[in-house]
Each structure stands twice: as structure tokens, then as C-alpha cells.
Amino acid sequence: MAAASAYDLVVIGGGPGGYTAAVRAAQLGLKTACVEKWPRLGGVCLNVGCIPSKALLDSSEYFHLARTQFAGHGIRTGEVGIDIAKMMSRKDQVVKDLTDNVRKLLEAHKVEIFQGTARLAGRERVEVSGEPSRTLDAKNIILATGSEPASLPGIAFDGKLIVSSTEALQFDAVPQNLGIIGGGYIGIELGSVWLRLGAQVTVIEMLPDIVAAMDGQVSRRLLRVLKKQGFNFRLETRVTSATVDAGKVKVAVETEGRSETLEFDRLLVCVGRRPVTQGLGLESAGIAPDPKTGFIHVDASLRTGVPGIYAIGDLVPGPMLAHKASAEGLAAAQIIAGKFGEVNYDAIPAIVYTAPEVASVGLTEEQVKERGIPYVTGVYPFTGNGRAKCFGDTEGLVKLIAHQKTDRLLGAHIIGPRAAEMIAEAVLAVEFGASLEDLAGTVHGHPTFAEALMEAAMSVKK
């Protein structure tokens, strides 16, 4: 083992939270190292999550538009087909380009990168496997090892027919009949990819709604739209077993006490993710994850119960989102450097990249009711938006929720074209404590999708 090297900060994990923390720490003058076990930096998001899934969503959307929408715009095409190998190659190149950029970013800021598996060896020491193995002495450590797909009891991933989201990004052919367990955002995004490319898609969900954390009005609207697109939903349905037989996956389900067996070519299990802490050596530093959830509990400054050790991203409670991890990494680095750092968890957007897109920030209508907050809502449909009409996509609406007495924006929920981009304005409004009057009085370019935010604010009757 090589001699120990000393650092002001060692970041374990090179995903969005980890590399953001490392870069910021280096900018603030800290001698920083980043340890990553995967061949490429970028973590789950860049390698097997956000980026490859969006690349496939965009490619499949172009295919779908060419088949169903181009003619309405006066664009003639011949027979439109797909080349799965080319589509996957493009996706892989996007991933490579972005992960290469992360490495260049760290190197430009003089962050030392170590390839290997890291393990805590006490409170101020990190052991890194590899050739050669190393020991890093650290005044501070940020744990940023992310998460992995969770499986269902008795239904193990085989990587071929019963798969996680990772394998569903790498199919070499379009499955004729794809089953998905879980109606969260990962399931319906990946379901959208393969539905557009020709698969029959069935989503099995225990709850009565899809994407359960979403505002109810928006969730119900999305469900109706996806059904029109061809999704088959089996809501309030429990999976009791899944077995592979003669190259097919047979899934036993129960709905309102009735049992039946469904058959699929492939089964995608999307029932959540769990923190990656196994083998991290937490016990050597005196850190104990929550026995039920696996999360590491931290304070408002991202500190664990052990001085000098911080945890961020999917390791800590909260939404498992890349931008949430980045915000926490930035805050932790600032705090370690002796500067102010915090994360406003009320202003973290959530986005579902279906078509139409769904984006939200802040409280849902169900949450304000539950908390007894007096509120008003403003709703504006995209059918009245000039840009949406020109674009040829008027499905959806903007819904704003504000405090009835103070007019302060409490939540924004969008289903429709460009929702992922539009939500940024609402996030800024929540962050700065803006009111509906502020949004209504802000001049928006015309014609733009974002005008729907202004119109929703103006529609409120007080």
C-alpha cells in the first residue's frame, strides 16, 4: 500500500453531488481528492440514469413525432424506421462526452482523482483499493456514494428478462410486451421510451395513482394522457411473484382480492432506490445508517454525527434527485471551507420527462390542505397559449398555489410542453418568496410557453 497522502477534503463518489463538492472545495482553496469506483466519473446520473434516459427519451420522441405529427405540419416523409444499435450508440456517445467533461473539470481545478473503491478506516482516513492501493488522510470527508435500484422480495434481477432501470437503457431490441412494476417517474419515463418504439407497455402499481408525490390534479391528468398514448395501467395491484418460464416472465398479481397471471417478454422493476453504503466502512467511523431506510441522518449543515464527516445526495433523506445532490455538495463544500452554505428544500424542482413533461416545485394542493394553510389556486390551460398552439402541442396546464392572505407562491405544478424548462421561473419565485402579483406583473415574451405562468397568476380570484 502506498504511503498516506493528506487532504483537506476527500470526496467519496464522483456523481453530481460528489464532483460538485470537489470542484467547489478546490475553488475555495482546499486540497481535495475525489474517489470513484466506476471507470467513468459522473455517478448514476451521467452513466446509467438521468443522461442516458433523456437521450433515449429524445430519440424515441423524434421517432414518434416523425410517425404521427410531421404530416400535420406539412412535412412529408417516407416509411420511418428505427435503428436500435445506432440509437444506443448515440446515447453512449452523449454519456462519454459528458463524463469526459467531468474529468476535465476536476483536473482543471487540480482535484486529485483516484480510481478504486473507498472505505473509511476511522474518522480521518480513507483506504482506496486499486493498483496501487492507497491511504488518504483527510481533515474532512464527504460521503457521496449514491444509490442503486431496489428489488422486490423474492423477485431477483437477472439482468436479462427481469431487469432494473440500468438494463432497460441497454435493450438490443424492442420488447413486444414490456411489464413495469412501479408507477413512479423512472417507470413511466422508460415505459415511454419503449412504448414509442413499438412495445406494449403495462405498468403495475400498488397505489391508486402514478407518481404519487405529484399534485393530484396533475397526476390524474398525466394518467389520462398516458392511457391515450397506449399505456396499460394496473393500479391498486400487488405483485406476488415473478418467474421466468420458456423465455417469458410470468407475473402473479392481485387486484381487489382477485388473482391472475400476466405474461411479458421483459419485466422492469422500478420500485425505488436504496442508498449505497455496503462496504463503505461506516462502522469504523462510528456512523450507523437508519436500520429501516438505510439513509445516513445529517443535520442542516449535512454533518453526520461524526465530526468532519458529511453525507449528501441519495445517502441522506429527501428526494433522490441529481440536482438536490449537487446543491448539497455545494453547501457542504462551502461549510467545510468556513463559508455559509445551506439547501432550501422547499425550492427543489421535480421533473418527469414524459410527453407532455411534468414539473413541480413547492407544496401540492393536498399538502396545503393537510397543513391547514389558507390558499388560492390559479390554473391556465395550454389550449390558450399561442406558442403551444403554433408548436402543435396544447395538452396540459399550469397550476399555481399561493397563500390566501400573503399572496406568496407556495407551489407550482406544470404538465405540458417545455415544463422542464418553465419550472425554473417558478423555482426562482419560490426561492425569493415572490407573490402571484409578482409573477402576474412580470413581462413575459410573446409568444412563449412561459406566458402560461403569468396567465395562471392572473387567473386567481382573490
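The values are calculated or read from the model by the stated rules, or taken from the named source; none is laboratory data. Just so it is clear, the model here is predicted, and its values are computed rather than measured. Backbone-built Cβ (ideal geometry, glycine too); neighbour counts: all protein chains shown. Just the protein is used for accessible areas: all its heavy atoms, side chains included, with ligands, DNA and RNA removed. Shrake-Rupley method; radii C 1.70, N 1.55, O 1.52, S 1.80 Å.
Of the beta bridges in region 107-237, as assigned by DSSP with both residues counted there, near 50 percent are antiparallel.
Of the whole protein surface, residue 63 contributes about 20 Å² of accessible area at a 1.4 Å probe radius. Shape of region 321-394 from the C-alpha gyration tensor: oblate (a/c of 1.5 or more and a/b not above b/c, with a ≥ b ≥ c the square roots of its eigenvalues). Calculated FRET efficiency, residue 278 and residue 79, Cβ-Cβ r, R0 60 Å, to nearest 0.05? Rounded to the nearest 0.05, the efficiency is 0.75. Checked against a 21 Å cut-off, the cross-linked pairs 160/228; 54/86; 405/461 give Cα-Cα distances beyond that limit for 160/228. Go ahead and run the numbers for FRET between residue 121 and residue 431, Cβ-Cβ distance against an R0 of 30 Å, rounding to 0.05. Approximately 0.15, to the nearest 0.05. Take the alpha carbon gyration tensor of region 70-183, find the square roots of its eigenvalues, order them as a ≥ b ≥ c, and report rounded if a/c is under 1.5; if not, report prolate when a/b exceeds b/c, else oblate. Verdict is oblate for region 70-183. Of the beta bridges in the chain, as assigned by DSSP with both residues counted there, near 60 percent are antiparallel.
Computed with every protein chain present, the accessible area of residue 77 is close to 70 Å² [probe 1.4 Å].
The residues of the chain have, on average, 46 Å² of accessible surface per residue, using a 1.4 Å probe with all protein chains present.
Using a probe radius of 1.4 angstrom, the carbon and sulfur fraction of the accessible surface of the chain is 50%.
Helix-only arithmetic for the chain: the sum of -39500 (n - 2.57) across DSSP H runs with n ≥ 4, divided by the residue total, places the mean residue ellipticity at 222 nm at -9500 deg cm²/dmol.
Working with all protein chains in place, sort 119, 234 by solvent-accessible area computed with a 1.4 Å probe, largest first.
Working: 119 95, 234 50 Å².
Per-residue accessible area, sorted high to low, gives 119, 234.
Solvent-accessible surface of protein heavy atoms, probed at 1.4 angstrom with all chains present, puts 405, 248, 37 in the order 405, 37, 248, largest first. The slack between residue 206 and residue 173, meaning 0.36 nm per residue of separation minus the straight C-alpha distance, is 9.0 nm. A compact globular protein would have a Cα radius of gyration near 2.2 N^0.38 Å; the ratio found for region 355-462 is 0.99. For percent of Cα pairs over 39 Å apart, the value computed from the atomic coordinates appears in the list [x] 24; [y] 38; [z] 28 under label [z]. Straight-line cross-link reach from residue 110 at under 14 Å between alpha-carbon atoms covers these aspartates and glutamates, not counting any fewer than eight positions away in the same chain: 8. Accessible area per residue (1.4 Å probe, heavy atoms of protein chains only) ranks 270, 34 as 270, 34, with the largest value leading. Taking the chain as a whole, the Cys residues whose C-beta sits 4.7 Å or farther from every other Cys C-beta are 34, 270, 390. Between the C-alpha center of region 195-249 and that of region 365-392 there is a gap of 25 Å. Annotation: extensible slack from residue 228 through residue 370 equals 48.0 nm (criterion: 0.36 nm per residue apart, minus Cα-Cα distance).
Across the chain, the mean sequence separation of Cα contacts (distance under 8 Å, 6 or more residues apart), normalised by length, yields a relative contact order of 15 percent.
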